[in-house]
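Student: Before anything else, here's the structure in question.
Only the coordinates and a few stated rules stand behind these numbers; no lab work does. Quick caveat: nothing in here was measured; it's all calculated off a predicted structure. Cβ sites come from the backbone with ideal geometry, for glycine too, and all protein chains shown count toward neighbours.
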Amino acid sequence: MVRNAPTTLALGACVLLASACKTDDPPDEDTYTFAEDDPASYTRVDRIGMPAIGTAVIINKEDYNQADPAADAAGQFVDQITMSVEGLHAALDDDLSGLGLTPCVAADCVNQAAPLVVPDTIKLDLNSPTGFPNGRALTDPVIDVTLAVVLLDLTIDGQDATSLVGALNPTANDLPFETAFPYLAPAHTL
């Protein structure tokens, strides 16, 4: 997320969270207006190419959010990531074993996850099939796959990056996605 002025931030929030900003009236084609400012005029306030990395394993979030992904590749945040992954394993390895899964050694998990999460960007190869980790569809089990790569020993037969799909998170939304932009289902109302 980036910002340069409150109106742009509010507009960006409305576009990103269009279902929350949506009225009961069907949108017309001119509902959404996108800023065309020079990218240099914006200030990065959050990065989330890979969900849960900046949120769950980075300790100094302000430094991380201000850093470029090149800093990830240079190893600037490896110590924080390693410490957090060790903490996750200390808290969750017994639960994973109880589910019949084999956790990896924290240092091995960091090495195993590095190609997926470093740098913290959305990767897209137009010559490869789409779907996480090559891009991200709304229906992709991104968190389950990321957690499996960070927590499980993927060298064990029968255990792979999809071993947690459905074990931790729902496998589908309670409402179907829309077929037109913004694609998200309408927000629940109380």
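Student: Using packing as a proxy for protection, rank 120-131, 158-169, 101-112 so that the peptide with the highest average count of other Cβ atoms within 10 Å comes first. Spell out each step's value before the answer.
Tutor: Working: 120-131: 11.4, 158-169: 15.3, 101-112: 18.0.
Packing order, densest peptide first, comes out as 101-112, 158-169, 120-131.
Student: Starting from the Cα gyration tensor of segment 47-171, multiply each eigenvalue by 5, take the square root, and state the resulting semi-axes largest first in whole Å. Kindly include the intermediate steps, with their values, before the conclusion.
Tutor: Values: eigenvalues 101, 74, 31 Å².
Gyration-tensor ellipsoid for segment 47-171: 22, 19, 12 Å.
Student: State the answer as a single residue: which of Q80, L96, P115 lies farthest towards the positive end of the charge dipole of segment 67-190, with beta carbon charges of +1 for Lys and Arg and -1 for Asp and Glu, about the Cα centre.
Tutor: P115
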